[in-house]
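Colleague: First the structure, which I've put down as structure tokens, then a few questions once you've had a look.
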């Protein structure tokens with residue numbers, strides 16, 4: 001029986017992880033947490049009966065205690081609660097389905113406690129990859145990617161330990177605005193940006209897909225996951241989301257992982273690695289490959305990708321600035337306080353204004369995030 005803990009159980013990845021649990025009889029959920037969706041969290045707790053349930057707000061934790069008073073479940077809150085869930089003594093693996101830099105500290109604590117990590121939280125490696133990967137190696141812990149693109153690469157390199165990689169080819173759908181110019185983007189609304197053509201995802205990552213910032217974050221994450229230099233990571237546009245990513249080896253051979261756009265596949269692969277299990281759902285119709293499109297991203301219009309390459313090549317605290325500025329800007333856009341293109345303006349302004357920290361520790365990473373948020377507030381007032 002595999003025992004798992006999930007931080008972010010009510011979000012897109014968290015709920016699909018629980019779908020995988022429902023479809024299998026040998027996974028026990030020992031701990032779950034959510035940011036604010038207390039109603040769904042209560043439903044999940046009643047169904048899966050974990051040992052610990054956490055939520056960020058202590059006020060909502062009180063609601064949980066009342067609703068779950070007839071269950072033998074410990075209720076926790078805040079960062080201390082997340083860390084307790086991450087370090088749960090009985091769990092084998094922590095699924096980091098939480099969004100944002102809030103996931104860094106619990107991930108570090110889980111690694112220190114010897115837990116494998118099913119990683120869906122991009123920010124952990126984007127901002128703290130130089131801390132996470134050496135720590136995982138020291139503790140003998142596996143970092144198992146859940147993002148479809150990184151899972152695809154992970155699957156392609158399985159069994160290729162002694163073979164040199166020449167390039168990683170990370171695929172992008174192009175989002176809802178593929179082929180549009182900057183003049184068109186001046187008029188797009190939040191509702192337009194949330195209409196992803198292929199994937200059902202959370203609001204923040206859907207906007208990141210529309211700006212191509214998401215691909216930039218994935219490039220940075222891939223650098224740390226697979227120890228590949230940024231100049232050897234290429235983004236290609238594959239609008240049908242059939243090819244999930246590719247690996248080119250030094251002999252010129254390219255391996256690709258293909259399938260329908262279904263996040264349950266990478267989730268299940270991470271939970272059962274290196275074994276594969278039956279997964280219900282649509283199968284890829286190879287006749288669809290006759291119309292497959294491969295294109296290059298429009299970096300002039302969608303500036304997020306170049307910002308990411310600049311951030312990881314600069315290194316130090318700059319990826320944190322890139323990530324935090326984007327988080328803040330996307331939140332403002334979703335609240336309809338800025339336009340779509342102003343997301344890029346805010347990221348650039350923060351990166352230009354930042355004084356680089358060469359090798360930031362965890363506290364410096366978190367203080368850099370705070371600086372970015374403060375700078376954006378002052379930038380907006382200006």
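The values are calculated or read from the model by the stated rules, or taken from the named source; none is laboratory data. The model shown is predicted, which means the values in this text are computed figures rather than measured ones. Methodologically, a virtual Cβ is constructed for each residue, glycine included, from the backbone with ideal geometry; neighbour enumeration extends over all protein chains shown.
Colleague: Where in region 32-111 are there helices (runs of 4 or more DSSP H), lying wholly inside it, with at least 2 residues that are under 21 Å from the mean Cα position of the chain (by Cα), modelled with pLDDT of 95 or more and closer than 30 Å to residue 140 by Cα? Explain how you work it out, then say what you get.
Modeller: Working: elements: 38-48, 58-67, 78-86.
In region 32-111, 78-86 are the helices (runs of 4 or more DSSP H) which contain 2 or more residues that are under 21 Å from the mean Cα position of the chain (by Cα), modelled with pLDDT of 95 or more and closer than 30 Å to residue 140 by Cα.
Colleague: Could I ask something else about it? Filter region 19-55 for residues that are closer than 23 Å to residue 108 by Cα and without any contact (Cβ under 8 Å) to a residue 60 or more places away in the chain and give the result.
Modeller: Just the residues of region 19-55 that are closer than 23 Å to residue 108 by Cα, to begin with: 28-36, 50-55.
Within region 19-55, 28, 29, 32, 34, 36, 50, 51, 52, 53, 54, 55 meet the criteria.
Colleague: Among the residues of region 114-145, write down those that are closer than 16 Å to residue 218 by Cα and not in a helix (DSSP H, G or I).
Modeller: 118, 119, 120, 121, 143, 144, 145
Colleague: Within region 10-17, is there a residue that is in contact with a helix residue (DSSP H, G or I) (Cβ under 7 Å, 6 or more places away or on another chain), surrounded by fewer than 22 Cβ atoms within 10 Å (Cβ to Cβ) and either closer than 21 Å to residue 265 by Cα or modelled with pLDDT under 95 (or both)?
Modeller: yes
Colleague: Considering only region 164-171, I want to know if a residue exists there that is under 27 Å from residue 17 (Cα atoms), touching a residue at least 12 places away in the same chain (Cβ under 8 Å), in contact with a strand residue (DSSP E or B) (Cβ under 8 Å, 6 or more places away or on another chain) and surrounded by fewer than 18 Cβ atoms within 10 Å (Cβ to Cβ).
Modeller: no
Colleague: Still on this model: How many residues are out of contact with any helix residue (DSSP H, G or I) (no Cβ under 7 Å at 6 or more places or on another chain) and crowded, with 18+ Cβ neighbours inside 10 Å if we restrict to region 55-84?
Modeller: 3
Colleague: Given the criteria surrounded by fewer than 22 Cβ atoms within 10 Å (Cβ to Cβ) and either closer than 16 Å to residue 100 by Cα or within 21 Å of the chain's Cα centre (by Cα) (or both), does residue 332 qualify? Explain how you work it out, then say what you get.
Modeller: Values: surrounded by fewer than 22 Cβ atoms within 10 Å (Cβ to Cβ): yes; either closer than 16 Å to residue 100 by Cα or within 21 Å of the chain's Cα centre (by Cα) (or both): yes.
In short, yes.
Colleague: If residue 346 meets every condition in (1) surrounded by fewer than 18 Cβ atoms within 10 Å (Cβ to Cβ); (2) without any contact (Cβ under 8 Å) to a residue 40 or more places away in the chain; (3) part of a helix (DSSP H, G or I) apart from one, which number is that one?
Modeller: Among (1) surrounded by fewer than 18 Cβ atoms within 10 Å (Cβ to Cβ); (2) without any contact (Cβ under 8 Å) to a residue 40 or more places away in the chain; (3) part of a helix (DSSP H, G or I), residue 346 violates only (1).
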